[in-house]
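In what follows, a structure is listed as C-alpha cells, so that the remarks can point back to it.
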Amino acid sequence: SAAEPLKVMISGAPASGKGTQCELIVKKFGLVHISTGDLLRAEVSAGTDIGNKAKEYMNAGRLVPDEIVTAMVTSRLSREDAKKKGWLLDGYPRSSAQAQSLESLKIRPDIYIVLDVPDEILIDRCIGRRLDPETGRIYHITNFPPDTEEIKARLIIRPDDTEEKVKSRLEIYKKNAEAILATYSDIMIKIDGNRPKEVIFNEIDTLLSQVQKDKVKSTESE
Ligand code: AP5
C-alpha cells in the first residue's frame with residue numbers, strides 16, 4: 001500500500017514567517033494548508049457567528065477561546081482532501097489545551113517545525129506587513145513589496161499589527177510555547193527563521209523530503 005501522506009505542524013512567534021513558508025511548502029508538497037489565523041479572518045470578513053465571537057479577541061491581539069478554534073480545526077482536518085493529500089497545520093495548537101485536544105483524538109504530525117526569529121525583527125516584520133485581500137498573499141513594505149501598482153493600491157494592514165498589539169501577541173506566544181513543545185519534543189526541529197525566505201525553505205524542503213522518504217520505507221518494510 002502507498003505511504004500515508006505527510007502531516008506537518010509549523011509554529012513560531014507572530015511574524016516568524018509561518019504563512020510565507022507555508023505558501024512555498026504547499027507549492028512543492030501539495031499539502032492542505034490549514035491556518036487558524038486565515039480561517040478566523042475569513043469568518044470575520046464573512047460576518048459569521050464564529051467570526052463575530054472571534055473578532056474582539058483577534059483585534060486585541062489575544063487568543064480566541066479554545067473551543068471555537070478546536071472545533072474549526074478538527075472539522076477541517078477530517079475532510080477528505082486533508083486525509084488524502086496530507087496536511088500542514090499553521091497556528092494550531094497554540095495552547096496546551098489545544099495540544100491535548102489533538103492528542104486525545106490521536107492526531108499527531110510527523111514533524112513539528114519551529115521558526116526561530118529574534119524579537120526586534122518580529123516587531124519590524126509585523127509593522128511592515130501588508131496583505132492582499134484578493135489573493136491572500138503576504139507582502140512586506142520593504143522586504144517583499146508587490147510587483148505592480150495595482151496590487152500595491154489594494155493592500156491592507158491587519159488590525160492586530162500595531163507595535164503594542166504585536167508585543168502582547170509575542171508575550172502570549174512565549175507564555176504558551178514551552179507547554180506545547182513538551183508534547184512534540186520528540187519530533188521538534190528548530191529552524192533559524194532570520195534568513196532569506198528561500199534559504200529557510202531549502203532547509204524545510206530537505207527535511208520534509210527526508211520524512212517523506214522514511215514513510216515510504218517504513219511502508220515497504222511492513
Ligand atoms: P495568526 O494569523 O496565526 O497570526 P500569528 O501567529 O501572529 O502569525 P502571523 O500571521 O502574524 O505571522 P506569520 O508567522 O505567518 O508570518 P508571515 O509569513 O505573515 O493569528 C492571528 C490571530 O488569530 C491570533 O492573534 C489569535 O487571536 C487568533 N488565533 C489564530 N490561531 C489561534 C489559535 N490556535 N487559538 C486561538 N486563537 C488563534 O510574515 C510576517 C512578515 O514578515 C510579512 O510581511 C513577510 O513578508 C515578512 N517575512 C516573512 N519571512 C521573511 C523572511 N525570511 N525575511 C524577511 N521578511 C520576512
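Neighbours of LYS53, meaning other residues whose beta-carbon lies under 12 angstrom from its beta-carbon, give a summed charge of -3 when Lys and Arg score +1 and Asp and Glu score -1. Residues VAL73, VAL44, ranked from the fewest to the most other C-beta atoms within 10 Å, line up as VAL44, VAL73.
What does the convex hull of the Cα atoms come to per residue for the range 88-178, in Å³?
Values: hull volume 12.2 nm³, N = 91.
Hull volume normalised by residue count: 134 Å³.
Which net charge results for the neighbourhood of ARG195, defined as the other residues with beta-carbon distances under 11 angstrom from its beta-carbon, given Lys and Arg at +1 and Asp and Glu at -1?
On the way: positive: LYS197; negative: ASP116, ASP192, GLU198, GLU203.
After counting each charged neighbour, the total is -3.
Within the range 93-157, the trypsin sites (Lys or Arg not before Pro) that combine a DSSP coil assignment with at most 11 other C-beta atoms in a 10 angstrom radius are LYS106. Pairs of lysine residues in the range 87-216 that meet both criteria, 8 or more places apart or on different chains and Cα atoms under 27 Å apart, total 23. Between SER185, SER75, SER16, where does the largest GNM mean-square fluctuation fall for the chain, given springs only between Cα atoms within less than 10 Å? Residue with maximal mean-square fluctuation among SER185, SER75, SER16: SER75. Both radii are taken from the alpha-carbon atoms of the range 1-111; with Rh as the Kirkwood radius, Rg/Rh is 0.96.
At 222 nm, what value in deg cm²/dmol follows for the chain if DSSP H runs of at least 4 each add -39500 (n - 2.57) and the sum is divided by all its residues, to the nearest 500? Don't skip to the end; give the middle numbers.
Numbers: 10 runs with 123 residues, N = 222.
Computed ellipticity for the chain at 222 nm equals -17500 deg cm²/dmol.
Taking the number of Cβ atoms within 10 Å of each Cβ as an exposure proxy, the fewest-first ranking of ILE189, ILE204, ILE123 is ILE189, ILE123, ILE204.
Dividing the Cα radius of gyration by the Kirkwood radius, what Rg/Rh value follows for the chain? Before the final figure, lay out each step's value.
On the way: Rg = 17.4 Å, Rh = 18.2 Å.
Result for the chain is an Rg/Rh of 0.95.
This ranking places THR142, THR162 by how few other beta-carbon atoms lie within 10 Å of each, fewest first, which gives THR142, THR162.
The peptide list 78-86, 3-11, 58-66, put in order of mean Cβ contacts within 10 Å with the highest first, becomes 3-11, 58-66, 78-86.
Each of the peptides 45-52, 173-180 was scored by the mean count of other Cβ atoms within 10 Å over its residues; in descending order, highest first, they stand as 173-180, 45-52.
At a 10 angstrom cut-off on C-beta neighbours, averaged per residue, how do the peptides 96-105, 210-219 rank from highest to lowest? If you can, show how the numbers build up before the last one.
Details: 96-105: 16.1, 210-219: 13.0.
Packing order, densest peptide first, comes out as 96-105, 210-219.
Charged neighbours of GLU178, selected by a Cβ distance under 15 Å, balance to +2 (K, R count +1; D, E count -1).
Here, each number is a calculation from the coordinates, and none is a lab measurement. All values derive from a computational prediction rather than experimental measurement. Backbone-built Cβ (ideal geometry, glycine too); neighbour counts: all protein chains shown.
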